[in-house]
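K.L.:
Okay, handing you the structure first.
The values are calculated or read from the model by the stated rules, or taken from the named source; none is laboratory data. What you see is a predicted model, and the numbers here were worked out from it, not measured in a lab. Cβ: placed from backbone, ideal geometry, glycine included. Neighbour counts: every protein chain shown. Accessible surface is based on the protein model in full, side chains and every heavy atom, while ligands, DNA and RNA are left aside. Shrake-Rupley method; radii C 1.70, N 1.55, O 1.52, S 1.80 Å.
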Amino acid sequence: MDKYGKTAQNSISMKPHYHDQEDFQVRLQKLREIRDLGIDPYPHQFPGTTPVERISESFLQENSFFAEEASEGLSPSVRASGRLVLFRSMGKNAFAQIQENGETIQLMFNKERTKVEGLNSSLGMAPMKFIEKKLDLGDIIGVEGNLFRTKKGETTIYVKTLTLLTKALLPLPDKHAGLQDLGIRYQKRWLDLLATKESVARFKKRSQILHEIRLFMEKKEFLSVETPILQDLYGGAQADPFCTQLNAAHKPMYLRIALEIALKKLLVGGLPRIYEIGKNFRNEGIDRTHNPEFTMLEAYAANWDYKDMMAFVEELFSYLARSVLGSETLSVGKHTISLGAPWKRMSMKESLAIYANIDFDALSDDELSRLLVEKSARTAEELCRLSRGSLMALCFEEFVESHLIEPHHIIDHPIETTPFCKLHRGEKERKEKLVERFESFLLGTEMVNAYSELNDPLLQRSLLEAQQAHREGEPQPLDEEFLEAICQGMPPSAGVGIGIDRLVMLLTGTSSIKDVLFFPL
């Protein structure tokens, strides 16, 4: 067993299962034959190409040309590359399609006009025969030729020269059946992208969403920063970490569970508006909305409070919907919702009354516990140890969250839910130990967590110590460096955390987090 706990394998590696498949063996033989014909099946480059998606767009602005004019070089010339996804021979001509970045374009090969780059003519194989006999669906090719339109109006490249760029040794998924196995789609995402146009579009939209977020944050004068993923103490949330070892220092390390602590240190350092889009890691469950590795946006603004941050969140979501979808209104499944401001705002206690018919103040702790035992998987034994504020949070989770379809800000949470939030400024709410925190919900899912940040160093220490005392298992050491930073003065501020993966799910109408991650666990 090696130092990483893996069992050493036989020095002679096992052959992968596909090496014995007929498709692999046939293509391997073709690869040898291609080399024998003097062609390099894996050349270094094919420069000067135009993206497939832009070829049709640009050609629409040109005059229409026919195949005869393309044959004589009288129509616009173009170089393109892509994966061969369709091929049919029709005697003197052959038609094909190549795919690049989810888009396809038609090709036409001609028996007399089309040449193959590198083909040694003295060996007796004609270019068209090479194309028909040695190429397979899935091969990546480069073409140079002239554009024309078929009688059906389809933009087509009349190929003058074909260059083999990559000989594929395994076949593509079936074009018509596609990939039905979700496990394969998630584990071997490259096959999903080749077979499913909708997946390509979804991930392009994810990239667009991230781009628009950065533009929005820049307009709001937030500075983009980066903080460490590898930490000697983990904090900023209650979650189990992934543990590792720093060999250079002979000490344990953790993958961060939140961005919060490091970003607040930068607030202390005098950076008034900061944000980070980065990965967090929590060694916990996997379900429809949770993946152990996920992407978060966290932002902090000096001199703001949680009300300022609510308005900021509304503006951000509205901006993204308009930029990405063209409208603040979106339809997801059977629901149609608007992301336009203002969103509904209600306290956690009010939401219990409105959506669960629970008058929280009128019920004792025992009565609340009985409700939870009757309608949830909680046991009386675990509930009897909880504070009243914790019972409120559990009742909200069990009885209210699923009803929050339209955008809601749920405000004024019990102090037990976080040790990093300012106590409520209202005298009544302060006596009830409520804090200035809000969570934003859409379609029954939490999307945003934010609060007026606690900057009282003495109260911060006492709350972190109390959290430690109630933590099950081995307590995490206090982050004394963070407490020292707060002692040196952190301005009044508001912070927000937004789950990027869930945001992408919302804006792409996707029901599972696995569909918006390239490689989910």
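K.L.:
What number results when the radius of gyration of the stretch 307-460, computed over Cα atoms, is divided by 2.2 N^0.38 Å?
P.N.:
Ratio of Cα Rg to 2.2 N^0.38 Å: 1.13.
K.L.:
List the lysines whose alpha-carbon lies under 29 Å from that of K152, not counting same-chain residues fewer than 8 positions away?
P.N.:
K92, K111, K115, K129, K133, K160, K175, K197
K.L.:
From largest to smallest, what semi-axes in whole angstrom does the stretch 17-106 give when each is the square root of 5 times an eigenvalue of its alpha carbon gyration tensor? Let's see the in-between values first.
P.N.:
Values: eigenvalues 192, 52, 43 Å².
Result for the stretch 17-106: semi-axes of 31, 16, 15 Å.
K.L.:
With unit charges on the beta carbon (Lys/Arg positive, Asp/Glu negative), name the residue among L84, C421, S512 whose Cα is farthest towards the positive pole of the charge dipole of the chain.
P.N.:
Result: L84, furthest along the dipole toward the positive end.
K.L.:
Given the protein chains as shown and a 1.4 Å probe, how many square angstrom of R79 are accessible, to the nearest 10?
P.N.:
60
K.L.:
Next question, about the same structure. Counting helices only, and only those DSSP H runs with n ≥ 4, report the 222 nm mean residue ellipticity of the chain as the sum of -39,500 (n - 2.57) divided by its residues, in deg cm²/dmol to the nearest 500.
P.N.:
Helix contribution divided over all residues of the chain: -9500 deg cm²/dmol.
K.L.:
Please compute the contact order of the stretch 367-521 in relative form: average sequence separation of alpha-carbon pairs under 8 Å and at least six residues apart, divided by the residue count, as a percent.
P.N.:
Details: 200 pairs, mean separation 25.8, N = 155.
Reported relative contact order: 17 percent.
K.L.:
Just name one of T244, T227, L210: the one whose Cα is farthest towards the positive end of the charge dipole of the stretch 196-255 (beta-carbon charges, Lys/Arg +1, Asp/Glu -1).
P.N.:
Farthest along the dipole direction, towards plus: L210.
K.L.:
With charges only on Cβ, +1 for K and R and -1 for D and E, what is the dipole size of the chain about its Cα centre, in debye, rounded to 20? Provide the component values of the computation, followed by the final result.
P.N.:
Details: 65 positive and 75 negative charges, 461 e Å.
In debye, rounded to 20, the chain gives about 2220.
K.L.:
While we're looking at this one, here's another question. What order, most packed first, do the peptides 198-204, 17-23, 102-108, 295-301 have when packing is the mean number of other Cβ atoms within 10 Å of each residue?
P.N.:
Descending mean neighbour count gives 295-301, 102-108, 198-204, 17-23.
K.L.:
With axes computed from alpha carbons, what is the tilt in degrees of helix 457-470 against the longest principal axis of the chain, rounded to the nearest 10 within 0 to 90?
P.N.:
For helix 457-470, the angle is close to 80 degrees.
K.L.:
To the nearest 20 debye, what is the magnitude of the charge dipole of the stretch 224-361 about its Cα centre, counting +1 on the Cβ of each Lys and Arg and -1 on the Cβ of each Asp and Glu?
P.N.:
180
K.L.:
Quick one: pull the percent of accessible area on the stretch 98-230 belonging to carbon and sulfur, 1.4 Å probe, ligands and nucleic acids left out.
P.N.:
51
K.L.:
Here's another thing I want to ask about it. Classify the stretch 369-486 from the C-alpha gyration tensor, please: rounded if a/c falls under 1.5, else prolate or oblate depending on whether a/b exceeds b/c.
P.N.:
In terms of gyration-tensor shape, oblate.
K.L.:
Would you check the accessible area of F242, probe 1.4 Å, heavy atoms only, in square angstrom rounded to 10?
P.N.:
The accessible area of F242 comes to roughly 60 Å².
K.L.:
Then there's this: How large is the dipole of the stretch 317-401 about the Cα centre if only Lys and Arg carry +1 and Asp and Glu carry -1, each at its Cβ, rounded to the nearest 20 debye?
P.N.:
Rounded to the nearest 20 debye, it is 460 debye.
K.L.:
Another question, then. Using the Karplus curve 6.51 cos²θ - 1.76 cosθ + 1.60 with θ = phi - 60°, what ³J(HN,Hα) values do you get for each residue of the stretch 238-243, in whole Hz, with x for Gly and Pro?
P.N.:
Result, rounded to whole Hz: 9, 7, 7, x, 8, 9.
K.L.:
Turning to a different aspect of this structure: Which of the three applies to the stretch 92-183, rounded, prolate or oblate, going by the alpha-carbon gyration tensor with a ≥ b ≥ c and a/c under 1.5 meaning rounded? Intermediate values should be presented prior to the final figure.
P.N.:
Values: a/c = 2.29, a/b = 1.31, b/c = 1.74.
Because a/c hits 1.5 or more and a/b fails to exceed b/c, the stretch 92-183 counts as oblate.
K.L.:
Another one. From the phi of every residue in the stretch 492-502, what ³J(HN,Hα) in whole Hz does the Karplus formula 6.51 cos²θ - 1.76 cosθ + 1.60 yield, where θ is phi - 60° and glycine or proline is x?
P.N.:
So the Karplus estimates, Gly and Pro as x, are x, 7, 10, x, 9, x, 10, x, 5, 5, 5 Hz.
K.L.:
Kindly write out, for the stretch 44-52 in residue order, the coupling ³J(HN,Hα) from the Karplus curve 6.51 cos²θ - 1.76 cosθ + 1.60 (θ = phi - 60°), rounded to whole Hz, with x marking Gly and Pro.
P.N.:
Working through the residues one at a time gives 7, 7, 8, x, x, 7, 9, x, 4 Hz.
K.L.:
For Rg and Dmax of the Cα atoms in Å, several values are listed as (1) 30.0, 95; (2) 27.7, 111; (3) 32.6, 103; flag the one computed from this structure.
P.N.:
(1)
K.L.:
Mind grabbing the accessible area of S338 for me, 1.4 Å probe, Å², rounded to tens?
P.N.:
60
K.L.:
Here is a follow-up. Which of the residue pairs K188/K514; K134/K188; K279/K344; K219/K307; K219/K334 have a Cα-Cα distance greater than 24 Å in the structure shown?
P.N.:
Beyond 24 Å between Cα atoms: K134/K188; K279/K344; K219/K334.
K.L.:
Turning to a different aspect of this structure: By its C-alpha gyration tensor, with a ≥ b ≥ c as the square roots of the eigenvalues, how is the stretch 175-258 shaped: rounded for a/c under 1.5, else prolate for a/b larger than b/c, else oblate?
P.N.:
Oblate shape, in that a/c is at least 1.5 and b/c is the bigger or equal ratio.
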